[in-house]
Amino acid sequence: MNENKRISKRVWFNIILFGFMGQIAWNIENMYFNTFLYNSVYSNGTTQAAIDGTMPVMKAISIMVALSAATAVITTFIMGNLSDKMKKRKVFISVGYILWGIVTGAFGLITRDHIATLFGMSDEVKILTATVWTVIIMDSVMTFMGSTSNDSAFNAWITDITLPENRPQVETVLAALPMVAMGIVVVLGSFAQSGKIGYDVFFLALGAFVIICGVVGLFTLQDPERSENKQTDSSGYWRDLFYGFKPSTIKENSRLYLTLAASCLFSVAVQVFFPYILIYIQYVIMPASEGMNILSASFLIPAILAVAFLVAGLVVLLRVGERKSKSYALVPAAVLFVVGLFMLTFAKNLLSMVICACIMAVGYAVLMILLNAAVRDFTPENKAGLFQGIRMIFNVLIPMVIGPMLGNLAAANSGVTYTDEYNVVKDAPTSNMFLYAAIVAVFVFIPLAVLIKKGFEVKKESDTVAA
C-alpha cells in the first residue's frame, strides 16, 4: 500500500470477489447443511424406526458444527503459519477456493440411496447412521478447504494489505459481504428447503461458482510486497505454532486478547441460535404465521440484513474516524444486540420476529464490524497468518462448540417436536434459544469495559505495501 493509504481497484476487486464467494460457501455450510440433514437425510421417507435407532437430528447438527469448528482451528493454525513462512498467500487462496468449491458441490451427491449402494447396506438404521456421519465428515473436509483458503490465507492477506487508517472501511465491506451472501443463499436455499429444487442442484450450482472464483484468482491475485523491515521472521515453524499461547505474548498484546474475548462471547451468543434459525422459521414460525411460507419469508431476511448494515455503515463512517471513537459505538451496539435477543424470545409469529430481528441485527452488525477491525488493528506485524489460528479459537472453536450445545439444550428442555407427513416425530428448535443467547451476550460487557478503558489508539504505520 502506498503512503496515501489508497487501495487500488485491483485489490478492491479481489477483496470483494473472494470475500463474497467465501461467504457464499460459509453460509451454505453454516445454514444449509443443517437444513439438509433435517429436511433430506432425516426426512423424505425415513422411518420412525430409523430415526429412533440413530442420534437425534438436533444432536447431529450440534456434533457437526463442533467438529467443523475444531477442524477450522487446527487447519488455520497449521496453514496460516505455513502461509506466513512461505510468504505465498495467492496459492493458498486460489487453489484452496477451487478445492473448496469441489467439496461443496459433492454434497449434492450425498443421499441415503447412494450411501446404501456404496457400502452395500440394507438395514435402514445403518443406512441413516452412515449417511449422517458422511455429511458430518464431509463438512469437516469442506471446512479444511475453507479454513486454508479463507480463514488463514485470505484473512492474513487482508491484514497484510491494510493499515489502521483504512481498516474500518475495508472491514465494513467485509462485514457487509456475509450479509449480502446470506441473503442470496437464503433466497436460493429456500427453494431447496421448500422442495422446489433438489439439494443436489443447490449444492452443485453454488459449488461451481466458488470454483470459478478460485480460477479467477490465479490471474488477478498478487502477494503483497514486503519491505525489508516487514519480512517474515525466520523462527521455527513448530515453535511459532505456540507463539500466541505464551504468557509474554498475551501480556504484550492484552488489547488483542480482550477484543478476542469480547468477540468470543458475542460469537457464542450467535451460535446458540444461528445453526437452527432456518429450521426454527420453517417449522415453528411459519405454522404460526397464516398465509406465509418459507419461500415468501426468505425474502424478508435480506431486507432485515440490508437495514442492519445500512445503519452499521453509517455508524462506522460517522463515529469511527479515529480509533478511540470505537468505544462510542460498541456499548450501544451490545445493548441493542442483547435487547433484540430478549425480544426474540417472545416473538411468536413472522411479523413480531422481523421487528425484533431488526433491533438485534443492527447491534450484531456494528459489533461484528468494530470487533473485527480492532482484532486486525491489534494483531502484531509479521504474525498475521499465525494469529488467524488464535482468532479462530476465540471466534470459531469455542463459540461453535458451546453455542450449538446450548441451543440443543434449549430445544431438549422445551419438548417442542415436529411431525412430518410420514408421521415421523423429530425434535424442533424453540424460542428459548434466544433467551440462552441473550444471557451469554450480557457477559460481552465485561471485556468491553476493560478494553474501552485501555483505549483503541493504534500506532500508525506507513510502510505496509499492497499488491
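With a requirement of 1 or more residues that are at pLDDT 80 or above and not charged (D, E, K, R), the helices (runs of 4 or more DSSP H) lying completely within segment 191-257 that satisfy it span 199-220, 247-252.
Among the candidates 107, 119, 77, the residue that is closer than 25 Å to residue 276 by Cβ and of a type in the set (Phe, Trp, Tyr) is uniquely 107.
To keep it simple, each residue is scored yes or no on (1) surrounded by 23 or more Cβ atoms within 10 Å (Cβ to Cβ); (2) farther than 23 Å from residue 186 by Cα; (3) in contact with a Gly (Cβ under 6 Å, 6 or more places away or on another chain).
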position	(1), (2), (3)
8	no, yes, no
18	yes, no, no
37	no, no, no
43	no, no, no
61	yes, no, no
104	yes, no, yes
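Pairing residues of segment 374-392 that are within 17 Å of residue 262 (Cα to Cα) and among the aliphatic types (A, V, I, L, M) with residues that are surrounded by fewer than 24 Cβ atoms within 10 Å (Cβ to Cβ) and modelled with pLDDT under 75, at Cβ distances under 6 Å and at least 6 apart in sequence or on separate chains, gives 390/244.
Within segment 163-181, how many residues are touching a helix residue (DSSP H, G or I) at 6+ places or on another chain (Cβ under 6 Å) and at pLDDT 80 or above? Break it down stepwise before answering.
Keep residues of segment 163-181 that are touching a helix residue (DSSP H, G or I) at 6+ places or on another chain (Cβ under 6 Å), which gives 164, 167-168, 171-172, 174-179, 181.
Filter again for at pLDDT 80 or above, leaving 174, 177, 181.
Total meeting the criteria: 3.
Taken as a whole, the structure places residue 177 among residues that are in a helix (DSSP H, G or I), touching a residue at least 40 places away in the same chain (Cβ under 8 Å) and closer than 18 Å to residue 23 by Cα. Within the set 182, 142, the sole residue that is buried (at least 22 other Cβ atoms within 10 Å of the Cβ) and touching a residue at least 12 places away in the same chain (Cβ under 8 Å) turns out to be 142.
Whenever a residue of segment 37-59 is among the basic types (Lys, Arg), its partners that are buried (at least 16 other Cβ atoms within 10 Å of the Cβ), lying with C-beta atoms within less than 9 angstrom and at least six residues away or across chains, give the pairs 59/408; 59/427.
Does at least one position in segment 110-122 carry a residue that is among the acidic types (Asp, Glu), in a helix (DSSP H, G or I) and within 25 Å of residue 92 (Cβ to Cβ)? Looking for residues that are among the acidic types (Asp, Glu), in a helix (DSSP H, G or I) and within 25 Å of residue 92 (Cβ to Cβ), one finds none in segment 110-122, hence no. Return yes when residue 84 is at pLDDT below 90, assigned to a helix (DSSP H, G or I), farther than 27 Å from residue 401 by Cα and not polar (S, T, N, Q) and no when it is not. Against the criterion (at pLDDT below 90, assigned to a helix (DSSP H, G or I), farther than 27 Å from residue 401 by Cα and not polar (S, T, N, Q)), residue 84 qualifies.
Tell me which helices (runs of 4 or more DSSP H) are completely within segment 317-431 and hold 1 or more residues being at pLDDT below 70, or say none if there are none.
Working: elements: 326-344, 350-378, 384-392, 398-414.
Qualifying helices (runs of 4 or more DSSP H): 326-344, 384-392, 398-414.
Restricting 73, 91, 11 to those that are assigned to a helix (DSSP H, G or I) and without any contact (Cβ under 8 Å) to a residue 60 or more places away in the chain reduces the list to 91.
The values are calculated or read from the model by the stated rules, or taken from the named source; none is laboratory data. Source: prediction; values computed, not measured. Neighbour counts are summed over all protein chains in view; Cβ atoms, including those assigned to glycine, are modelled from backbone coordinates with ideal geometry.
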